[in-house]
1. Using the structure shown, decide if residue 125 is assigned to a loop (DSSP other than H, G, I, E, B), under 22 Å from residue 151 (Cα atoms) and either modelled with pLDDT of 80 or more or over 19 Å from the mean Cα position of the chain (by Cα) (or both).
2. Would you say residue 138 is surrounded by 20 or more Cβ atoms within 10 Å (Cβ to Cβ), assigned to a helix (DSSP H, G or I), free of Cβ contacts under 8 Å to residues at least 60 places away in the same chain and touching a helix residue (DSSP H, G or I) at 6+ places or on another chain (Cβ under 6 Å)?
3. Name the single residue, out of those in segment 89-101 being in contact (Cβ under 8 Å) with a residue 40 or more places away in the chain and out of contact with any helix residue (DSSP H, G or I) (no Cβ under 6 Å at 6 or more places or on another chain), that is surrounded by the most Cβ atoms within 10 Å (Cβ to Cβ).
4. Test residue 112 against the criterion of being in contact with a helix residue (DSSP H, G or I) (Cβ under 9 Å, 6 or more places away or on another chain), closer than 22 Å to residue 170 by Cα and at pLDDT below 85, and give yes or no.
5. Tell me whether segment 30-53 contains one or more residues that are over 26 Å from residue 190 (Cα atoms), buried (at least 17 other Cβ atoms within 10 Å of the Cβ) and at pLDDT 75 or above.
6. Evaluate the following for residue 24: is it modelled with pLDDT of 60 or more and surrounded by fewer than 18 Cβ atoms within 10 Å (Cβ to Cβ)?
7. Assuming residue 107 fulfils every condition listed in (1) closer than 22 Å to residue 164 by Cβ; (2) surrounded by 13 or more Cβ atoms within 10 Å (Cβ to Cβ) apart from one, which condition is it?
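The values are calculated or read from the model by the stated rules, or taken from the named source; none is laboratory data. Please read all numbers here as calculations on a predicted model, not as lab measurements. Quick reminder, even Gly has a Cβ in these numbers, built from the backbone with ideal geometry, and neighbours come from all protein chains shown.
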């Protein structure tokens with residue numbers, strides 16, 4: 001009996017998909033700008049990707065890699081030209097074909113932090129009144145608008161550009177990642193410019209849902 005169980009386990013595990021790193025990572029020079037492991041020297045030109053599966057939505061990644069847009073108008077925070085607002089790294093991102101994008105996106109979705117907690121934010125949208133309160137928290141109490149683009153009451157883009165734009169971030173970012181970034185940004189980036197707020201879970205959830213709702217398109 002034990003022999004049969006061992007054989008079945010061997011067969012089962014042999015057919016599980018193994019997502020090897022696609023050759024585009026090396027060929028496109030992705031490691032010149034991004035880290036794919038926390039053990040690598042911190043990149044100076046782009047965000048870390050070793051937790052991409054926790055952070056990004058796969059459909060957005062596929063579209064972005066085929067048709068990149070500028071997310072950080074003054075570059076990444078560790079770019080040598082960041083303080084002057086003149087990034088040394090050319091933007092936008094290099095372009096991949098549809099097939100290349102699918103392979104790279106699938107691989108990036110397998111990259112996770114080992115202790116990343118999910119299920120903190122449900123799918124229930126904010127009511128109109130609570131959203132107005134969350135907008136006030138976002139803009140006034142925590143001053144997020146000073147560094148990030150959002151939308152005003154008539155749908156016009158406004159806000160700072162030293163951080164990544166949050167317009168349409170609900171299409172780009174996963175809710176649990178936003179929640180944890182608000183609570184413990186140092187867990188993801190030890191030397192970043194994101195303030196460490198004394199923020200309770202309920203407040204973090206409200207701001208997360210507000211950020212997800214900043215959209216010009218569905």
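1. On the way: assigned to a loop (DSSP other than H, G, I, E, B): yes; under 22 Å from residue 151 (Cα atoms): yes; either modelled with pLDDT of 80 or more or over 19 Å from the mean Cα position of the chain (by Cα) (or both): yes.
It is true that residue 125 is assigned to a loop (DSSP other than H, G, I, E, B), under 22 Å from residue 151 (Cα atoms) and either modelled with pLDDT of 80 or more or over 19 Å from the mean Cα position of the chain (by Cα) (or both).
2. Details: surrounded by 20 or more Cβ atoms within 10 Å (Cβ to Cβ): yes; assigned to a helix (DSSP H, G or I): yes; free of Cβ contacts under 8 Å to residues at least 60 places away in the same chain: no; touching a helix residue (DSSP H, G or I) at 6+ places or on another chain (Cβ under 6 Å): yes.
The answer is no for residue 138.
3. Among those that are in contact (Cβ under 8 Å) with a residue 40 or more places away in the chain and out of contact with any helix residue (DSSP H, G or I) (no Cβ under 6 Å at 6 or more places or on another chain), it is 89.
4. Numbers: in contact with a helix residue (DSSP H, G or I) (Cβ under 9 Å, 6 or more places away or on another chain): yes; closer than 22 Å to residue 170 by Cα: yes; at pLDDT below 85: no.
In short, no.
5. no
6. For residue 24, the condition - modelled with pLDDT of 60 or more and surrounded by fewer than 18 Cβ atoms within 10 Å (Cβ to Cβ) - is not met.
7. Status for residue 107: all satisfied but (1).
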